[in-house]
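This report refers to the structure that appears directly beneath it.
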Amino acid sequence: MTKRRTLAALAAIALALPLAACGGSGGSGGSNSGKLTFFSWDGEDTMKPVIAKFEQENPGIKVEFSNAPPVPEYISTLQSRILSGTAADVFAIAAENKTNLINGKHVVDLRDKPYLKNVPKFNQTTYSGPDGAVYGLSVASWGAGVLYNKDLLAKVGATTIPQTWDEFLALCHKLKDAGVTPYLESVQGMSTPLAAFLGAENQTTGDTMDKKIFDGSAKFKDYWVEPLTQWSRLWTEGLVTRSAVGLTGDQVRQEFVTGKAAMMIAGPWDIPGIRKAAPKLKIEMAPVPGIAGGKPYLAGAASPGYAINSKAKNPEAADKFLAFLATPEAMAIYQKATGAITVTSDFQPTIDPALSPIVKDVRAGNVYLPQIAWKRAEDILNVEATAQLQLLVQGKATPEQVANALDTKLASTS
């Protein structure tokens, strides 16, 4: 689902798409009636085929595309454009900015649009408001887990995927003793294993963990200390060097594709690039092993949705483009370019075999991401969490201090 950082925004993993314009008279179109502006965090290489097909089917409509990389830069750029009145007709709504966009009335309610009928409730609810309105067309979901180099595992006699965190750490020790870097993850945003641990915990509470934290009946420290402690064993047991705190997702992926690291954190978006760079690599993705008797779980969420600017210059074109994005034809183009796990009911994606162990749970919404579950101040809390996790990795903070810092930050936003 990628990199993050900046006080103006936050973090996570993920997807987005383009937009096009409606023939001759789009709402307040005027001189813009043939132009539709779209702002994405996906690059031109990903979006160009979708845009081209839309423009082909809609002569006279021109999509003016711009993008910024996820997550912080995209969100801060979008925020600046909204405040200056220059935001695109269509843009991505994500976990990290949905509350601000919805509460600020910057996005249009899509709940009665026909193109939502094939979108699962999980994806609609993710980008809905307290009144039940739906503000984003989310056509895919993602799950992040551990990607394994099966040949490197075989070198130490490992023939099965670990199901518990203790088994996973024991495998890391075996690999390290054999001279192989066992595992890497980027800590430029929310940790995938940590999110998975918390997701499994949240499930045992009947999905009430975050509700209790945000209504004041519980605190972060009540739920986060043990998952933080287990995750930090990667560093306290010397399995990953503390200097790895500065690694980006691209750097982690490079270590993996060159056979230097046996396991890495990954999402569906990583697989196409890995296949291209190392086509002979035997890989398999699986949920993060469970802690304290808990079951393996995936970090993840409904992918960013496509939202219509409430002040769009060409709202009719924007609506027409969202309708196109939900079609099987558009889904096929998008899925081929991204390898995404799409969820629309009238299109069956062709998924890389390496993702087979996670597809069912992802499409069913059995995934968890703190930034999605948090009830307010996602951006502020995400920046704080990322900073605190980096301190923990560097040995400059304890799990208790990280949890307490989040409680303090949440209290300051009330």
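The values are calculated or read from the model by the stated rules, or taken from the named source; none is laboratory data. Owing to the predicted nature of the structure, the values given are computational and were not obtained by experimental measurement. Virtual Cβ from ideal backbone geometry, glycine too; neighbours counted across all protein chains shown. When the accessible area is computed, the model is the full protein with side chains, heavy atoms only, and any ligands, DNA or RNA have been set aside. Shrake-Rupley method; radii C 1.70, N 1.55, O 1.52, S 1.80 Å.
Using the structure shown, decide if TYR368 is modelled with pLDDT of 95 or more and under 30 Å from ASN404 (Cα atoms). The answer is yes for TYR368. In segment 285-303 there is no residue matching the filter, namely being farther than 21 Å from LEU198 by Cβ and either among the charged types (D, E, K, R) or open to solvent by less than 10 Å² (accessible area, probe 1.4 Å) (or both). For VAL359, the conditions (1) assigned to a helix (DSSP H, G or I); (2) open to solvent by less than 10 Å² (accessible area, probe 1.4 Å); (3) not basic (Lys, Arg) are fulfilled apart from (2).
Among the residues of segment 63-91, the ones that are assigned to a helix (DSSP H, G or I) and closer than 23 Å to GLY189 by Cβ come to 11 in all.
Listed here are the residues, each with its yes/no results for (1) at pLDDT 90 or above; (2) open to solvent by 10 Å² or more (accessible area, probe 1.4 Å).
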residue	(1), (2)
ASN32	no, yes
GLU55	yes, yes
ASN67	yes, yes
LEU83	yes, yes
ASP89	yes, no
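Quick grid of which residues meet (1) touching a Leu at 6+ places or on another chain (Cβ under 9 Å); (2) in a loop (DSSP other than H, G, I, E, B); (3) open to solvent by less than 40 Å² (accessible area, probe 1.4 Å); (4) of a type outside the set (A, V, I, L, M):
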{"site": "ALA318", "(1), (2), (3), (4)": "yes, no, yes, no"}
{"site": "THR350", "(1), (2), (3), (4)": "no, yes, no, yes"}
{"site": "ILE372", "(1), (2), (3), (4)": "no, no, yes, no"}
{"site": "GLN388", "(1), (2), (3), (4)": "yes, no, yes, yes"}
{"site": "GLU400", "(1), (2), (3), (4)": "yes, no, no, yes"}
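Taking first residues from segment 284-305 that are in a loop (DSSP other than H, G, I, E, B) and partners that are of a type in the set (Ser, Thr, Tyr) and open to solvent by 10 Å² or more (accessible area, probe 1.4 Å), the Cβ contacts under 7 Å between residues at least 6 apart in sequence or on separate chains come to PRO287/TYR297; PRO289/THR164.
I'd like to check something: does segment 309-316 contain any residue that is closer than 22 Å to TYR135 by Cβ, part of a helix (DSSP H, G or I) and open to solvent by 20 Å² or more (accessible area, probe 1.4 Å)? Yes, segment 309-316 contains a residue that is closer than 22 Å to TYR135 by Cβ, part of a helix (DSSP H, G or I) and open to solvent by 20 Å² or more (accessible area, probe 1.4 Å). Within segment 203-233, being under 21 Å from LYS409 (Cα atoms), touching a helix residue (DSSP H, G or I) at 6+ places or on another chain (Cβ under 7 Å) and open to solvent by less than 80 Å² (accessible area, probe 1.4 Å) holds for MET209, ASP210, ILE213, ALA218, PHE220, TYR223, TRP224, VAL225, PRO227, LEU228, THR229. Could you tell me whether segment 137-156 includes any residue that is of a type in the set (Lys, Arg), open to solvent by 70 Å² or more (accessible area, probe 1.4 Å) and closer than 29 Å to ARG275 by Cβ? There is at least one residue in segment 137-156 that is of a type in the set (Lys, Arg), open to solvent by 70 Å² or more (accessible area, probe 1.4 Å) and closer than 29 Å to ARG275 by Cβ.
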